[in-house]
Amino acid sequence: MALQLFPDTSKSIALEDGTIYAYIFIPPSSPNQPTFLLLHGFPSSSFDWRRVIPLLQEDGYGIIAPDLLGYGDTDKPTEVSAYSMKRMADHLSELLQKENVQQVIGVGHDVGSGLLSYASLAHPSLFEGIVFSSLGYVPPGSFDVDQFNIITEQVLGYPTFGYWKFFDEDDAGRTLDANSDSFVSLFYPQYAEDWKTTMGPIGAAKSWVANAKVTPLPAWLSEDDVQKRNQVFNKGGYTAPLNWYKGVMRKVDEPYAATLATEESKSIGLPALVIVGEHDHICVADFQKPTAETYLRNYRIERLQCGHWIPLEKPAEFVALLKGFSKSSNLA
């Protein structure tokens, strides 16, 4: 969490609606250096950028890395309606305005890419460019998780989003809180392909956690890392973060999505980079391209030899792509 783990570079701020956000803020070394807005996914916080931030900072880039709503030292409302992607996108816009940051390069990972999708549609002038990692661009609109699971099972031989059904249960947060070590083993598997059987199939994730299964950590995650991330979730638990999933499944952004009636209205002309992991068995690399082709007018895709946790598994390669993107001639 920003304030506790990065006290020298973090701060908190109250927005107009009273919501308090905590975030890492490192100004650029010169006015010509871009600032990266880093949006983490689930189950994460600004702590998940710990290997990325030093590599950007050493070249003088600016950095804003919030604990997103429900996480870390940021507020954790319990009502699902608070987790409207449009509302949280407006929060990001206000946060940048309060820091007098005119433009950023937005970087999203996992469901942070979903938030970046909404933010770049609702506030395009804030962005020089946008980078999606693991999960690609997510156009606003209804998402039928049951239909998606049927399609992915037909194509891949297993459904990819079965765990969403567990996350939508009212007591899922309490279940995760009571079995934290098991949940860490589930979400940070020793072998990436384990997700084909532990996360994707309906009922598998709930069974794993309910039975308190624990496996060794992957090579790229240390015991110290786990202790610190557990420190993050000891403050508030998992109930609020799960509202990101509940909000999508319960269609809290339907009013905003209804204002975007055409495919063109959901399209983005900003320079875009999509970074995928070849061995990501949930946000499957090949599934990110069709949406990019449909909605991103100026994009390229880069594939890395890793699983889902790109900023943790391949930080140097990830940052090299970010730096190259920041220097590309097509940025505003």
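Values quoted throughout were computed directly from the atomic coordinates according to the rules given, and no laboratory measurement underlies them. From a predicted model like this one, the values you see are computed outputs, not experimental measurements. Every residue, glycine as well, gets a Cβ built from its backbone with ideal geometry; the counts of neighbours run over all protein chains shown.
Observations, loosely collected:
- Paramagnetic label zone (point 7 Å from Cα along Cα-to-C-beta, Ala178; backbone N under 18 Å) in region 241-278: 242
- For the chain: relative contact order, % (alpha-carbon pairs under 8 angstrom, 6 or more apart): 19 percent
- Near Arg303: Cβ cut-off under 15 Å, other residues only, Lys/Arg at +1 and Asp/Glu at -1. The net charge is -3.
- Over all pairs of different C-alpha atoms, region 57-158 has a mean inverse distance whose reciprocal, the Kirkwood radius, equals 15.3 Å.
- Rel. contact order, % - alpha carbon contacts under 8 angstrom, at least six apart, region 145-249: 33 percent
- Residues of region 36-61 with amide N under 19 Å of the 7 Å Cα→Cβ point at Lys323: 36-38, 49-61
- For Phe167, Phe42, order by how many other beta-carbon atoms lie within 10 Å, fewest first: Phe42, Phe167
- Residues with amide H under 5 Å from that of Glu128, placed H, sequence gap 5 or more: Val104, Ile105, Gly106
- Relative contact order of region 216-296, pairs being alpha-carbon contacts under 8 Å that are 6 or more residues apart, as %: 22 percent
- Each of Gln305 and Ile13 was given a label point 7 Å from its Cα along the Cα-to-Cβ line. The distance between the two points is 4.2 nm.
- Among (i) -0.66, -1.13; (ii) -0.53, -1.14; (iii) -0.50, -1.03, the entry that matches log10 I(q)/I(0) by the Debye sum over Cα atoms at q = 0.10, 0.14 Å⁻¹ as calculated here: (ii)
- Where labels lie 7 Å past Cα in the beta-carbon direction, separation of Leu331 and Gln33 in nm: 1.2 nm
- Taking the number of Cβ atoms within 10 Å of each Cβ as an exposure proxy, the fewest-first ranking of Met249, Met199 is Met249, Met199.
- Among the listed pairs Lys11/Lys98; Lys11/Lys314; Lys86/Lys165, those beyond 21 Å (Cα-Cα): Lys11/Lys314; Lys86/Lys165
- Here is the tail figure for region 218-282: Cα pairs spaced more than 17 Å apart come to 72 percent of all pairs.
- Residue-normalised convex hull volume from the C-alpha trace of region 145-249: 95 Å³ per residue.
- Arranged from fewest to most other beta-carbon atoms within 10 Å of their beta carbon, Phe148, Phe325 become Phe148, Phe325.
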